[in-house]
Amino acid sequence: MDVIWLAIIPLNGRIWLIWKTSVKINVLKVSDQFIHCLVENIGSQSSTYLTVICTMEEISKREELWSELLQHTLMPSNPWVLCGDFNNVLHSEDRMGTPATAAETQGFQNLIDVLQFTPLRSKGWQFTWCNKEERSNRVYGKIDWALGNYDWIQIGHVEDEFLNLNTHLFYFN
């Protein structure tokens, strides 16, 4: 792989971006929970918005993130993908061990509905997180997501692959 850049942003080091020489990255906004950028394929002259997420565990911090992301609803019509660690299940079937409540999923679901995003196809582990407790108290959850808007879905060129319960990669072809 012909890698040109490695960016560790924000300063807390929670989000890393690595890209090939055939791609140009223009970072548009950085917060402690996400990086929002424009990704341009130099060869094809195509571009897409990419927002890489790594949310905090506290519900109040996630709600701050949802509000911040909703400010991007006025973005011009372009392919846009959100991906990363949302620390949030979306549906009850996304958790095993304890039930997910409506209060837990409401803010995340509202974000997806307002932005008109849909979860992208994934392969690998269904559950991307585990609390590592004893068997009787163990909880698994799908908290890592790749979500695309209508324009992104029309392109249809991403697949996320979850490698294990704590690490994930997103491939852009």
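Are any of the residues in region 135-155 at pLDDT 85 or above, charged (D, E, K, R) and crowded, with 19+ Cβ neighbours inside 10 Å? The answer is yes; a qualifying residue exists. Being touching a helix residue (DSSP H, G or I) at 6+ places or on another chain (Cβ under 7 Å), in a loop (DSSP other than H, G, I, E, B), at positive phi and loosely packed, with under 15 Cβ neighbours inside 10 Å is a condition met by no residue of region 39-51.
Just give me the residues in region 25-38 being crowded, with 18+ Cβ neighbours inside 10 Å and not in a strand (DSSP E or B), in sequence order. Walk me through it before giving the result.
Restricting attention to region 25-38, the residues satisfying the condition of being crowded, with 18+ Cβ neighbours inside 10 Å are 33-37.
Q33, the sole residue that qualifies.
Take Q116 and tell me if it is at pLDDT 90 or above, touching a helix residue (DSSP H, G or I) at 6+ places or on another chain (Cβ under 7 Å) and either open to solvent by 60 Å² or more (accessible area, probe 1.4 Å) or on the phi > 0 side of the Ramachandran plot (or both). Criteria met by Q116.
For region 71-106, which residues satisfy the criterion of being under 18 Å from N149 (Cα atoms), in a helix (DSSP H, G or I) and open to solvent by less than 50 Å² (accessible area, probe 1.4 Å)? Hit for region 71-106 is H72, nothing else.
Is it the case that some residue within region 72-92 is over 19 Å from Q154 (Cα atoms), of a type in the set (D, E) and in contact with a strand residue (DSSP E or B) (Cβ under 6 Å, 6 or more places away or on another chain)? Reasoning before the result, please.
Applying the first criterion (over 19 Å from Q154 (Cα atoms)) to region 72-92 yields 72, 74, 84-92.
Then drop every residue that is not of a type in the set (D, E), which leaves 85.
Of the ones still in play, those that are also in contact with a strand residue (DSSP E or B) (Cβ under 6 Å, 6 or more places away or on another chain) are 85.
Checked against the condition, which is being over 19 Å from Q154 (Cα atoms), of a type in the set (D, E) and in contact with a strand residue (DSSP E or B) (Cβ under 6 Å, 6 or more places away or on another chain), region 72-92 yields at least one hit.
Only a single item in (1) out of contact with any strand residue (DSSP E or B) (no Cβ under 7 Å at 6 or more places or on another chain); (2) at pLDDT below 90 is not met by L169, and it is number (1). Just one of R14, R62 is touching a Phe, Trp or Tyr at 6+ places or on another chain (Cβ under 9 Å) and not in a strand (DSSP E or B); which is it? Answer to the selection: R62.
The values are calculated or read from the model by the stated rules, or taken from the named source; none is laboratory data. If you're wondering where the values come from, they're calculated on a predicted model, not measured in any experiment. Note that each Cβ is placed from the backbone with ideal geometry, even for glycine, and that neighbours are counted across all protein chains shown. For accessibility, only protein heavy atoms count, side chains too; no ligands or nucleic acids. Shrake-Rupley method; radii C 1.70, N 1.55, O 1.52, S 1.80 Å.
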